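Comments concern the structure below.
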Amino acid sequence: MTNKTILKALNGETQAVPPIWMMRQAGRYLPDYKATRAQAGDFLSLCYTPDLAAEVTLQPIRRFGFDAAILFADILLLPQALGADLWFVTGEGPRLSTITSDADFAQMKSKDDIHETLSPVYETVKIVARELPKETTFIGFAGAPWTVATYMIAGRGTPDQGPAHALREGNNALFEKIIDLLTVSTIEYLDMQIKAGAEVVKIFDSWAGSLKGDAFEKYAVAPARKITTELKKRHPNVPIIGFPREAGDGYIGFHAKTGVDCVALDNSVSPEWAAANVQKDGCVQGNLKPSHMVTGGQGLIDEVRHIRETFSKGPHIFNLGHGITPDADPDNVTLMIETLRETV
Ligand code: CP3
């Protein structure tokens, strides 16, 4: 048995005070993050320099005492390891070489070739696993195939994932080859993170909400199920968190359909709805609106209590509904944690 509160929740245990961590807990709202990022030079150098990536992974643990650390890396390192060019434009976000034809696909590497590029990430995992306090759980992660594919196909973030939907409809055979390559590569990537010391893995499907009906089943549910099934064969005791962001009704049954141990919720669903329709099947994570980390005050306190109480009848990991934003105030993070942990 474990004493780690995150692992207890993922094992299905209901706790009076739910454990907490925060998406993008290492990020630009923290002065210590900004200092280490400046030392690294740029974002990708930070991701690929194990000592510095480990340092920013640990900073929010030291400062706030979160119950989990999440590996510092990015979901777009995997396409880079598969051969895509990747760079970040300051103030705008990621750019990648696009993949829109069979000829582009033929240039991609295979799942067995990714580790050369990604080995610094595994080194980061080893350092963090060694240095983390014994009560803190270590979460590794990857992007879900659909979400990663949306960036690879468009070459950048897009408001509606239009280019990826166009390829899905216009050249479905090529689209499915991309999804399949990402699915098998994600399994190898997460397998290596686990071997290096990750205790939990999370699959980020940030754009799952733009897949509707049958497309949601084929490109959000099925890849998550394949990844989960294979990882469970290799590592039966490593819990998996799925995050089909903005899936709406697609959250219903997601535990059972994919085999994930926990479903992470965005803040577009109410805690009442999610407790009745999703938490009944297992652990949930979420789902405070990230803007509370900017506004703080009584509104933050009330909503933290509301979420804690609404999910109090089952396993719950407290988190935001999406990543904390650069304009957030670190004092509001402290207030969120203190409110959550107040005597109930
Ligand atoms: O949560 C953590 O603290 C762990 C590290 C982490 C990062 N990105 C660091 C990061 C994780 C888990 C991610 C996941 C990620 N990356 C997702 C899925 C989750 C989500 O937010 O929906 C996506 C879609 C990406 C792709 C990505 N990376 C974008 C679109 C951007 C630019 C937008 C932005 O916030 O600047 C990034 C950059 C990025 N990844 C930053 C961080 C801390 C900011 C970069 C910087 O320091 O300049």
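The values are calculated or read from the model by the stated rules, or taken from the named source; none is laboratory data. Note that the structure is a prediction, hence the values are computed from the model and not measured. Cβ atoms come from the backbone with ideal geometry, glycine included; neighbour counts cover every protein chain shown. The area values use the complete protein model at the heavy-atom level, side chains included, leaving out ligands, DNA and RNA. Shrake-Rupley method; radii C 1.70, N 1.55, O 1.52, S 1.80 Å.
Quick one: of the DSSP bridges fully inside the stretch 25-261, what percent are antiparallel, nearest 5? Spell out each step's value before the answer.
Details: 5 of 18 bridges.
Of all bridge pairs located within the stretch 25-261, approximately 30 percent are antiparallel.
Since only F141, A38, V260 are under comparison, the one whose Cα sits farthest along the positive direction of the charge dipole of the stretch 25-261, derived from C-beta charges on Lys, Arg, Asp and Glu, is V260.
Averaging the sequence gap over all C-alpha pairs within less than 8 Å and six or more residues apart, then dividing by the number of residues, gives the stretch 25-261 a relative contact order of 18 percent.
Evaluate E = 1/(1 + (r/R0)^6) for T98 and S268, where r is the Cβ-Cβ distance and R0 equals 25 Å; express this FRET efficiency to the nearest 0.05. Computed FRET efficiency for T98 and S268 comes out at 0.25. The residues of the chain present an accessible area of 39 Å² per residue when probed at 1.4 Å with all protein chains retained.
P271 sits among other residues whose Cβ lies under 10 Å from its own Cβ, and their net charge, with Lys and Arg +1 and Asp and Glu -1, is -2. Charging the Cβ of each Asp and Glu at -1 and of each Lys and Arg at +1, and nothing else, the dipole of the stretch 25-261 about its Cα centre rounds to 400 debye. Relative to the longest principal axis of the Cα atoms of the chain, the long axis of helix 31-40 makes an angle of roughly 30 degrees.
Using the Stokes-Einstein relation with a Kirkwood hydrodynamic radius computed over Cα pairs, the translational diffusion coefficient of the chain at 20 °C and a viscosity of 1.002 mPa s comes to 106 µm²/s. The residues neighbouring Y251, those whose beta-carbon lies less than 11 Å from its own, together hold a net charge of -2 under the Lys/Arg +1, Asp/Glu -1 convention. Rounded to the nearest 20 debye, the dipole magnitude of the stretch 182-230 is 100 debye, with +1 charges on Lys and Arg beta carbons, -1 on Asp and Glu beta carbons, and the Cα centre as origin. Distance between Cα centroids, the stretch 37-101 to the stretch 1-34: provide it in whole Å. Spelled out, the Cα-based centre of one part sits 20 Å from the other.
Percent of accessible area on the stretch 25-261 owned by carbon and sulfur, 1.4 Å probe? Carbon plus sulfur share of accessible area: 50 percent.
Within the set K111/K202; K134/K212; K4/K218; K34/K218; K8/K109; K126/K280, which residue pairs have Cα atoms separated by over 31 Å?
Values: K111/K202 19 Å; K134/K212 42 Å; K4/K218 35 Å; K34/K218 39 Å; K8/K109 39 Å; K126/K280 35 Å.
Flagged as over cut-off: K134/K212; K4/K218; K34/K218; K8/K109; K126/K280.
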